[in-house]
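Report on the following structure.
The values are calculated or read from the model by the stated rules, or taken from the named source; none is laboratory data. From a predicted model like this one, the values you see are computed outputs, not experimental measurements. Counting neighbours? That spans all protein chains shown, and the Cβs are built from the backbone with ideal geometry, glycine included. All accessible areas refer to the heavy atoms of the entire protein, side chains included, with ligands and DNA or RNA removed. Shrake-Rupley method; radii C 1.70, N 1.55, O 1.52, S 1.80 Å.
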Amino acid sequence: MTPHSGSGSLAFRLFLSAVVVTAGVLLLVGVVLSSLYRAGTERAFDRRLDIYLKTLVAEVAGTGPGTDMPVPQALGEPLFLFPLSGWYWQVTRVDGDSPLTRASRSLGDATLPLLSKAEPDHGGSIQEGYLPGPEGQRLRVVERTLDLGPEGKFAIAVAGDASEIDGEIASFNLALAGTFAVLGLAFLLTVLFQIRFGLRPLARMSQALAAVRSGRAERLEGEYPEEVGPLIQEVNALIDANREIVERARMHVGNLAHALKTPLSVLLNEAGTREDPLAQRVRDQAGVMRGQVAHHLERARMAARVSVPATVCEVRPILVSLARTMEKIHRAKDLAIDVRSLEDLRFRGERQDLEEMVGNLVDNACKWATGRVEMEVYGPPAHQPFDRTFLHIIIDDDGPGLAPAKRAEVGRRGRRLDESKPGSGLGLSIVQELAGLYGGRLELGTAPLGGLRAELILPAA
């Protein structure tokens, strides 16, 4: 996983945590407010029922002695007169062997179940609850038990259609959900703005690091918040320390090479005056040592240049210049060298290193080409804004090409794939080694022209 993957983004994690916390808080507050509103709506509905209950209690309590079952008069509510209207009252005598019931006209032949049977008697206190109605509708019921002594004990109940409560609560919940959705969206937009604004210094720091890596800057410059300031100082100190280490390493390697050159020269001079086998062996080994010193000194020089990301160069002018030069060098073959570059690409490295790598590849292509060499450069876009990008330099020729089995031998230093052409055989291996130092690579394949395709992949600036 790359450091810029979505799941690892600091902004994404902050926004996700804000979404989770906001959703949790709004859900909890919504549940609490809905519960409070339901309780308030039920109390208001119960107060309305309680008025009718008190009227019934007064009529039952005012019935004269000797009456077996009081018959309440109309309560002034037309809904108690319409059949199955959802509004009912009922008076039940519960102290006899067979309970007697008087009910509103709206209840018809049906009866209401008693809350006092499901819950213990509270000594005349009012009970509230929900019961199923005659049509299966949900009813809100208030009930009171009235004990008149010798005149009897009565359970008095008034019921109303609970759909009114449910309708009001549903309307409130819908309005509450819409309000909270707007508030949540506004809050998340605010959080998103805060995240983008608060993390902007980190984005500027990433851009500054990319500029240092691409060679457009040497250090991180600019004003940063005090929370990021120490990090900027440490990164700049690391860049300076790395530059100093590279410089010291370059100096030590140079000193070592120069220190070895003098003893080697003395050995060669001493052996040069003699012709015996020992002198010849000394000359041979001293020559090998001198070559090794020169090779590793050059490698240290290249590594030092690569380690300091402060140099960039344009690619197309170098390709055009090399094409014109190679046309002159191989004038006898009358080669056509085409350069195709639709993009203004830059190489993150030393110009002379790019010239050396491309020059070796073009020279090799010209040696083997029959009449045509093509050069192309392009740069695929990065998947993430601050990912490292690479450019591709492709060199094709129409020569005999190279068998797949022989392509693997290219990396072996000094390996000649064909003795029929001049050269030391080090060109392609040098290109591989130098490209590897820059974090790139060389790939060989078959060109559309029929010959060898050499694709050089290098870091882009």
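Within the range 163-177, which residues have the backbone N less than 16 Å from the label spot 7 Å out from residue 84 along Cα→beta-carbon, could you tell me? Answer for the range 163-177: none.
With the highest mean first, a sort of the peptides 235-248, 348-361 on other beta-carbon atoms found within 10 angstrom per residue produces 348-361, 235-248. Can you bin the range 152-293 into rounded, prolate or oblate? Criterion: square roots of the alpha carbon gyration tensor eigenvalues sorted a ≥ b ≥ c, rounded for a/c under 1.5, prolate for a/b above b/c, oblate for the rest. It is prolate, given that a/c is not under 1.5 and a/b is the larger ratio. The accessible area of residue 204, taken with all protein chains in place and a 1.4 Å probe, comes to roughly 90 Å². Put simply, the convex hull of the Cα atoms in the range 204-274 casts, on average, a shadow of 6.4 nm². Take the Cβ atoms of residue 247 and residue 33, set R0 to 56 Å, and the FRET efficiency comes out at 0.20. Rounded to a whole number, what is D in µm²/s for the range 134-192 from Stokes-Einstein with the Kirkwood radius over alpha-carbon pairs (20 °C, 1.002 mPa s)? Rounded to a whole number, D works out at 137 µm²/s.
A Förster radius of 60 Å, combined with the Cβ-Cβ distance separating residue 48 from residue 207, puts the computed FRET efficiency at roughly 0.30. Across 104, 116, the residue with the most accessible area heads the list, and the full order at a 1.4 Å probe is 116, 104. Accessible surface comparison of 101, 370, probe 1.4 Å, protein chains only, largest first: the order is 370, 101. With contacts taken as Cα pairs under 8 Å and at least 6 residues apart, the range 127-247 reaches a relative contact order of 12 percent. With every protein chain in place and a 1.4 angstrom probe, the accessible-area ranking of 458, 199, largest first, reads 199, 458. With K and R counted +1 and D and E -1, the other residues having a Cβ less than 13 Å from that of residue 48 yield a net charge of -4.
On the protein heavy atoms, probe 1.4 angstrom, tell me the percent of accessible surface of the range 141-203 carried by carbon and sulfur. Roughly 69 percent, rounded to a whole number. Distance from the C-alpha centroid of the range 319-372 to that of the range 234-297: 32 Å, rounded to the whole angstrom.
Here residue 328 is the anchor, and the lysines within straight C-alpha reach of less than 24 Å, apart from those fewer than 8 places off in the same chain, are 367, 421. Residue-wise HN-Hα couplings along the range 258-270, as the Karplus relation 6.51 cos²θ - 1.76 cosθ + 1.60 with θ = phi - 60° gives them from phi, are 5, 5, 7, 5, 5, x, 5, 5, 4, 4, 5, 5, 5 Hz; Gly and Pro carry x.
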